[in-house]
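Chemist: Can you keep this structure in mind? I'll have questions shortly.
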């Protein structure tokens, strides 16, 4: 093997390493970008889940209040009906 062949081989290897390093930097940048996007999406999902949970809680509260009010009104109407029927007998 002559020294020029070895030098050409070393030069090609050096060029390949430089190209690989550039590719790895590019891939690392893309991965970092994807990680940031995933974090942002995760925060958005958490916010939406929190809003949904609050809405469900409020709906349940309104439903429970309506049911309780309905029962109370029904009892009051029954008591008044009984009282009226006793008074006007």
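FYI, it's all coordinate maths here, none of it is from the lab. Nothing here was measured: the structure is a model prediction, and the numbers come from that model. Note that each Cβ is placed from the backbone with ideal geometry, even for glycine, and that neighbours are counted across all protein chains shown.
Chemist: Per residue of the chain, what 222 nm ellipticity follows from adding -39500 (n - 2.57) for every DSSP H run with n ≥ 4, rounded to the nearest 500?
Modeler: Here the helix-only value at 222 nm equals -36500 deg cm²/dmol.
Chemist: If you don't mind, there's one more thing I want to ask. Given 10 °C and 1.306 mPa s, how large is the Stokes-Einstein diffusion coefficient of the chain in µm²/s, with Rh as the Kirkwood radius over Cα pairs?
Modeler: Here the translational diffusion coefficient equals 76 µm²/s.
Chemist: Could you check the spin-label model distance between residue 33 and residue 63? Points 7 Å from the Cα along Cα→Cβ, value in nm.
Modeler: So the two model labels end up 4.5 nm from each other.
Chemist: Run the quick spin-label model on residue 74 and residue 16: label points 7 Å from Cα toward the beta carbon, then report their separation in nm to one decimal.
Modeler: The answer from the label model is 8.3 nm.
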